[in-house]
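Have a look at the structure below, then the notes.
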Amino acid sequence: MLVFIAKRFLWMIPSLFAVSFLAFVLIQLPPGDYVTTYIATLAASNEIVDQNTAAQLRERFGLGDPMLVQYFKWMWGILTRGDFGISFEWQQPVSDLIWERMALTLVLALSTLIATWAIALPIGVYSAVRKYSIGDYFFTAFTFFGLAVPSFLLALVLMYVAAVEFGQDVGGLFSPEYENASWSFAKMVDLFSHLWLPVIILAVSSTASLIRVMRANMLDELPKPYVTTARAKGLSEFRLLMKYPLMIALNPFISTIAWLLPNLISGSVVVAIVLNLPTAAPLLLQALMAQDMYLAGAFVLLICALTLIGSLISDILLALVDPRIRLE
């Protein structure tokens, strides 16, 4: 296992380089560059930028260099100084912009993962054990509802209910007095008091799909001979379910770690915009639209790293949980 982990870490290095280069190229594929986008934004407000000013801006941002030169300068700064460059739009170091948002995004992602597992696991087992019961039909209807309703629509409905019916402050992850305050215990309490709404919204669709997967996997395992044998030997129903079929049916849950973290960063853009969340997704979208290549490239690089790390963690956990999964 240690050799496997070491090999996977070694393979991460060329993978990160390849993804970072492709992301850098793709961000610059649209016509023009950040200066072109900036001039177009000023032109929309009746401000004119002459060619000399545009040339000076390109020189200042290093956009006059060939793309390969820009890429290697960027990577050299990351490898030697941990410097992701300067954001063109924000005029701040990229590191200052991304780390707090990435931390909040990871808190949201882990909270959603815990909520998803805590809801989907027992419901999936119940639906399989009580197949075709009233409870099974009820939870089946819930899963179809969760899969069918768009997340942004659910966000709007829950925001209305929370604001009108319960009088709670909705939108964002902090109250106004804590948005720019330094971290403290009171700020953490305020964060968790606002966290429930986005967690519910993001967890609904993933919970619905995992319930169906868990139900199907349990239904596959329950009729097998080893379950019948264990039951015939007098093993209690609860212990039988927990010890054998459930452990095998857990594989899809563990596999979700590989895609859940990067998906919550890049896949929850609309929900984050609707709820005004200070997470990575809205800033990534804004950077891509403005062709802010260093900021967008840093986010893409971190998403790739999270994907690779999540895949490694899920593979290790699968090998620990399921003895059938081995390298040989």
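Show me the helices (runs of 4 or more DSSP H) found entirely inside region 229-321 where at least 3 residues are in contact (Cβ under 8 Å) with a residue 40 or more places away in the chain. Steps first, please.
Working: elements: 237-243, 245-249, 251-255, 257-266, 269-275, 280-290, 293-321.
Per the criteria, 245-249, 251-255, 257-266, 269-275, 280-290, 293-321.
Conditions: (1) outside any loop (DSSP other than H, G, I, E, B); (2) in contact (Cβ under 8 Å) with a residue 60 or more places away in the chain. K131 meets all but one. Number of the miss?
The failed condition is (1).
Listed here are the residues, each with its yes/no results for (1) open to solvent by less than 30 Å² (accessible area, probe 1.4 Å); (2) in contact with a strand residue (DSSP E or B) (Cβ under 8 Å, 6 or more places away or on another chain); (3) not polar (S, T, N, Q).
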residue	(1), (2), (3)
L29	no, no, yes
T37	no, no, no
Q51	no, no, no
A54	yes, no, yes
R60	no, no, yes
W90	no, no, yes
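Looking only at region 168-209, count how many residues are of a type outside the set (G, A, S), open to solvent by less than 20 Å² (accessible area, probe 1.4 Å) and not in a helix (DSSP H, G or I).
Of the residues in region 168-209, 2 are of a type outside the set (G, A, S), open to solvent by less than 20 Å² (accessible area, probe 1.4 Å) and not in a helix (DSSP H, G or I).
The values are calculated or read from the model by the stated rules, or taken from the named source; none is laboratory data. Quantities reported herein were computed from a predicted structural model and do not represent experimental measurements. With ideal geometry, Cβ positions are generated from the backbone for all residues, glycine too; neighbour counts draw on all protein chains shown. SASA here: full protein model, heavy atoms, side chains in, ligands and nucleic acids out. Shrake-Rupley method; radii C 1.70, N 1.55, O 1.52, S 1.80 Å.
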